[in-house]
1. Before we move on, is Ala247 surrounded by 14 or more Cβ atoms within 10 Å (Cβ to Cβ), closer than 25 Å to Ala101 by Cα and away from ligand 1 (no atom under 16 Å from the Cβ)?
2. Tell me, please, whether a residue that is over 21 Å from the mean Cα position of the chain (by Cα), over 24 Å from Leu80 (Cβ atoms) and assigned to a helix (DSSP H, G or I) can be found in region 153-164.
3. Quick one: Ala252 ticks every box in (1) more than 27 Å from Ser140 (Cβ to Cβ); (2) among the hydrophobic types (A, V, I, L, M, F, W, C); (3) buried (at least 18 other Cβ atoms within 10 Å of the Cβ); (4) modelled with pLDDT under 95 except a single one, so which number is it?
4. Of everything in region 35-64 that's within 16 Å of ligand 1 (Cβ to nearest atom), touching a Leu at 6+ places or on another chain (Cβ under 7 Å) and of a type in the set (A, V, I, L, M, F, W, C), which residue is nearest to Val204 (Cα to Cα)?
5. So if I check each of Leu41, Leu36, which one is part of a strand (DSSP E or B), under 20 Å from Leu173 (Cα atoms), more than 16 Å from ligand 2 (Cβ to nearest atom) and of a type outside the set (Val, Ile, Thr)?
6. Among (1) of a type in the set (A, V, I, L, M); (2) farther than 16 Å from Phe188 by Cβ; (3) touching a Leu at 6+ places or on another chain (Cβ under 6 Å), where does Met96 come up short?
7. Checking the condition in contact (Cβ under 8 Å) with a residue 12 or more places away in the chain, among the acidic types (Asp, Glu) and out of contact with any Leu (no Cβ under 7 Å at 6 or more places or on another chain), which residue from Glu245, Glu211 passes?
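The values are calculated or read from the model by the stated rules, or taken from the named source; none is laboratory data. None of these values were measured; they are calculated from a predicted model. Don't worry about glycine lacking a Cβ; one is built from the backbone with ideal geometry, like all the others, and counts go over all protein chains shown.
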Amino acid sequence: MAESSQTGSHSLATGAGEPLVVCEGVVKVFGKLRVLDGLNLTIGTGETFGLVGPNGSGKTTLMRMLAGLVRPTAGGVRVLGRCLPDPAVAASIGYMTQLSALYLDLTARENLRFFCSIYGLRGQERERRINEILERVELSANADRVVATFSGGMRQRLSLACALVHRPRLALLDEPTVGVDPELRRAFWDYFAQLNGEGTTIVVSTHHLDEAARCSRLGLLRFGKLLACGTPQELLAGAGTSDMETAFLYYAARGRQEEVTA
Ligand SMILES: Nc1ncnc2c1ncn2[C@@H]1O[C@H](COP(=O)(O)OP(=O)(O)OP(=O)(O)O)[C@@H](O)[C@H]1O
Ligand SMILES: [Mg+2]
């Protein structure tokens, strides 16, 4: 994806020494289902934190909680030093949802304008940011086509642009590369690395272990519990392997064993 000299326009500061994201004893219950089960997690400024875990393990629920869209049943979540939900934090967060949030009957530019309006961006500044992000995701030539005519990869690029157009400090990317070809997947991750270099903290969920290996740290979720958390190297060492897939199977088996023992 195209390079840019964009730097973040960030409004909130975290308290002295406070990590960007703090989850303390977070529990989320839907009906009888305990989807998050006493989660303790901190994510520091500048990290690319990967959430990995089987279907239904709670990754999207945690993302939605960090975006301020889901309240914990118990425990607390602080982002940028503030307890969520907090409208002051919302403008510093960009959330790319797992299911597309795009309006198919609008053009790419109109979708971006809609997202800008949510974040209070208007006038020339709005148009400047839209043109800049369209260029970065290489959609400038298709900016005025309706999204219904876009391929899956183009839609993913636009979804990413909608999450980032307001230059958030924290980007929450829920399986951003689903349905994306290997070349574009590589381009997405190169772009994430660039964003990171510009000061954006990223929380990204994925089922691709090669993507997990590119994260600064990983959290392995299972039944809403954090089975393991650390750098990819730490997780490999803890599992006594050099292969990420073997490491994940090791932690999953250990989690199952602990459930049986409990
Ligand atoms: N609003 C809701 N009401 C009831 N149950 C919910 C709700 N949202 C999520 N769940 C349930 O919570 C569990 C965790 O869902 P979640 O979407 O967080 O998992 P996930 O790890 O993102 O899975 P996937 O890898 O398939 O995206 C699932 O059993 C799901 O059905
Ligand atoms: Mg999910």
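1. Working: surrounded by 14 or more Cβ atoms within 10 Å (Cβ to Cβ): yes; closer than 25 Å to Ala101 by Cα: no; away from ligand 1 (no atom under 16 Å from the Cβ): yes.
So Ala247 fails the test.
2. The answer is no, given that none of the residues of region 153-164 is over 21 Å from the mean Cα position of the chain (by Cα), over 24 Å from Leu80 (Cβ atoms) and assigned to a helix (DSSP H, G or I).
3. Ala252 satisfies all of (1) more than 27 Å from Ser140 (Cβ to Cβ); (2) among the hydrophobic types (A, V, I, L, M, F, W, C); (3) buried (at least 18 other Cβ atoms within 10 Å of the Cβ); (4) modelled with pLDDT under 95 except (3).
4. Here is the first cut: in region 35-64, the ones within 16 Å of ligand 1 (Cβ to nearest atom) are 35-39, 41, 49-64.
Then drop every residue that is not touching a Leu at 6+ places or on another chain (Cβ under 7 Å), which leaves 36, 39, 41, 50-53, 57-59, 61-63.
Filter once more, so that each one left must be of a type in the set (A, V, I, L, M, F, W, C): 36, 39, 41, 51-52, 62-63.
Details: Leu36: 17, Leu39: 17, Leu41: 14, Leu51: 6, Val52: 9, Leu62: 11, Met63: 9 Å.
Of everything passing the filter in region 35-64, Leu51 is nearest to Val204 (Cα to Cα).
5. Leu41 is the lone residue from the list that is part of a strand (DSSP E or B), under 20 Å from Leu173 (Cα atoms), more than 16 Å from ligand 2 (Cβ to nearest atom) and of a type outside the set (Val, Ile, Thr).
6. For Met96, the exception is condition (2).
7. Working: Glu245 fails: out of contact with any Leu (no Cβ under 7 Å at 6 or more places or on another chain).
Glu211 is the lone residue from the list that is in contact (Cβ under 8 Å) with a residue 12 or more places away in the chain, among the acidic types (Asp, Glu) and out of contact with any Leu (no Cβ under 7 Å at 6 or more places or on another chain).
Every residue, every condition in (1) more than 16 Å from ligand 1 (Cβ to nearest atom); (2) touching a residue at least 24 places away in the same chain (Cβ under 8 Å); (3) assigned by TED's automatic domain parsing to the domain that holds Met154; (4) among the charged types (D, E, K, R), yes or no:
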| residue | (1), (2), (3), (4) |
| --- | --- |
| Arg186 | yes, no, no, yes |
| Asp190 | yes, yes, no, yes |
| Leu195 | yes, yes, no, no |
| Val203 | no, yes, no, no |
| Thr206 | no, yes, no, no |
| Arg222 | no, yes, no, yes |
| Lys225 | no, yes, no, yes |
| Gly230 | yes, no, no, no |
